[in-house]
Amino acid sequence: MDISWALSRMLYTNIIEDECLIITAEDAFHRRNRKSTDSKFTLSASVPIFSYLSIQGLAQYESNALHDDTMADYISVVGKVEGNLKNFSISVLGKRWAKSDNLKYDPCVGAQIVSTILGKNSSLFVQGLTHFSVYSKALTRAQVTAGLYKYFSAPIMLGLAFEYQGSWGRDEIRTTGSDNFTAEEFVAKNYSITPGSGDKEKLTSLKNIYKECTVAQYKGFEHLFAAEIGWSHFILTKKFTFGCKWFHDYRGEYGAVAPGIIIDEILPHVTFKSTAPIYYGSQQSYSLVIELVLNLKY
């Protein structure tokens, strides 16, 4: 079951997917469209309360977990309380990852506001997410995403979208088989060696073993910027849509410009799509992507 609570058109804001909450230097275009390789069973429910409030819940069974624990240890739980007031939708949401999840994420809580205050065919949103370590009782991750989308209908037929995402995370690593410990705490707990005891050579060796069985989750700061523009026009009864996406990773000092075109019904029931991403900065490259999409109505 493919369920998404994403708000953005270009950047990750979907709390349901694990991958959206990791800071990496990977291209956001690829991150946005990447599917999780985890095998999961999902159960969801939505309960309306009056006409302006609803509660949504979702549970995922993680079949790729690492340990032979109880069934409850394999289940991730996501929840959202959403209220609607005139042109605003306000939500409070959170997620607890499965105890046996192979990346051992900290629990996440956050809030988001979506508004159509800018008029018809528009959307303005702000989302904030925070992670707290159960072990250290400290904030380990914070992310703020803001975006604006506006579409101007005929005869202009122009769409604009702008998004920003700022993230901060403590530069720490987590063991795949234990709780969230620093290297010194991990060694002291598992090998009965007190940091500063004088056995520096053995302590260093054990720290190296510790690092080999860990997974890095959060790394400093990240600033992502993205924009999209699309314009449609009819040429010889065919609808042409010309567009361009732009993305820039401030921390990674690279970005991409991706002009493209979509032609509806280029052949009966066939849509033509083509884009030519141009990457600049530290990841310079060029490519051309062409797609023919078959649309069958039955």
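The values are calculated or read from the model by the stated rules, or taken from the named source; none is laboratory data. In this text the structure is predicted, and so the values were computed from the model without any measurement. Every residue, glycine as well, gets a Cβ built from its backbone with ideal geometry; the counts of neighbours run over all protein chains shown. Accessible surface is based on the protein model in full, side chains and every heavy atom, while ligands, DNA and RNA are left aside. Shrake-Rupley method; radii C 1.70, N 1.55, O 1.52, S 1.80 Å.
In terms of accessible area, using a 1.4 Å probe and ignoring ligands and nucleic acids, Lys95, Lys137 rank largest first as Lys137, Lys95.
Given their separation in residues at 0.36 nm each and the Cα-Cα distance between them, Tyr151 and Leu53 gain 32.5 nm when the chain is fully extended. Segment Phe41..Asn295, full-extension length gain: 88.5 nm, with 0.36 nm per residue of separation and the alpha-carbon distance subtracted. Once the Cβ-Cβ distance of Phe88 and Ile266 is raised to the sixth power relative to R0 = 35 Å, the FRET efficiency obtained is 0.30.
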